Amino acid sequence: MSDSTILVRAAVIDFDGTISDHDVSEEILRAFAPPEWMEIDQEFQRGEIGSRECLVRQATLLQGARRDLMQFALSNFTIDPTFAPFVAWARQVGVEVAVASDGLGFYVDPMLRAGGIEGLTVLTNDVTTLPGRGPSFLFPHAHSVCVGCGTCKMRAVLARRERLGAVAFVGEGHSDRYGALYADVVFAKKHLVGICRADGVLFHPWETFDDVRAGLESLHETPRRIGPESCPGWEVP
């Protein structure tokens, strides 16, 4: 059932630090990789490398099989308790929810299922690790030309706008910049707040998915989205 009072027709939502309170990829690296992974992360945060290069270099440091990393993730981390009620509400009012993650990826679906959520579209990278062998990578949701990101959150937003209409983006980190730049409505916290301010992107602050629901329900008109034409100094990927 679609609710005509909800102006947004889709929501693209980051996983690490957003749906899960923790950055699960970073926690896995902290537990299964030497500290060099943090230096690589700093390069990414300073804008010296893209998130795909960051992920590939960090994943090569991982020591352990994928099943061990999965068990660590499921045993230690959960999703935000307000996310499942948000998904139920979104389905009721006809807002399509998609998860877009640019991390290690393999734990996203299992963590959602552990939190009682099934059937969401999950756009993420596919990283496999085996003892004694280097990791293998697939980027099924990458941009066809740009190699900066593993999962292109810009494409995730644009594909849903073309098919459904106005799109909200919910995130918190550096890899969420392009999702926020192309969305009609943005919900930002943590690092994404400063990024949005620097790019001139209007955003709603949020802490839980109750805030996101309240924000979507209170919209009377969709804000003018920023997009590349309004952000001099950077190019469309």
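Observations on the model:
- Inter-residue pairs, beta-carbon under 7 Å, first closer than 16 Å to GLY105 by Cα and in region 7-26, second among the hydroxyl-bearing types (Ser, Thr, Tyr) and crowded, with 24+ Cβ neighbours inside 10 Å, 6+ apart: ASP14/SER101; PHE15/SER101; ASP16/SER25; ASP16/SER101; VAL24/TYR107
- Of the helices (runs of 4 or more DSSP H) lying entirely inside region 105-202, those containing at least 1 residues that are surrounded by fewer than 15 Cβ atoms within 10 Å (Cβ to Cβ) and among the charged types (D, E, K, R) span 108-114, 153-164, 191-199.
- Scanning region 12-31 for residues that are open to solvent by less than 40 Å² (accessible area, probe 1.4 Å) and assigned to a helix (DSSP H, G or I), we see that the one that is farthest from PHE83 (Cα to Cα) is LEU29.
- LEU61 vs. criteria open to solvent by 20 Å² or more (accessible area, probe 1.4 Å), part of a loop (DSSP other than H, G, I, E, B), at negative phi and not charged (D, E, K, R): yes
- Taking first residues from region 133-152 that are free of Cβ contacts under 8 Å to residues at least 40 places away in the same chain and partners that are open to solvent by 50 Å² or more (accessible area, probe 1.4 Å) and of a type outside the set (Val, Ile, Thr), the Cβ contacts under 7 Å between residues at least 6 apart in sequence or on separate chains come to LEU138/ASP126; PRO140/ASP126.
- One residue stands out in region 164-187 among those that are out of contact with any Lys or Arg (no Cβ under 6 Å at 6 or more places or on another chain) and without any contact (Cβ under 8 Å) to a residue 60 or more places away in the chain: the one that is farthest from ALA10 (Cα to Cα), namely ARG177.
- Residue match in region 80-92 (condition: open to solvent by less than 50 Å² (accessible area, probe 1.4 Å), among the hydrophobic types (A, V, I, L, M, F, W, C), farther than 19 Å from ARG213 by Cα and out of contact with any Cys (no Cβ under 8 Å at 6 or more places or on another chain)): no
The values are calculated or read from the model by the stated rules, or taken from the named source; none is laboratory data. Given the structure is predicted, the values throughout are model-derived calculations rather than measurements. With ideal geometry, Cβ positions are generated from the backbone for all residues, glycine too; neighbour counts draw on all protein chains shown. Accessible surface is based on the protein model in full, side chains and every heavy atom, while ligands, DNA and RNA are left aside. Shrake-Rupley method; radii C 1.70, N 1.55, O 1.52, S 1.80 Å.
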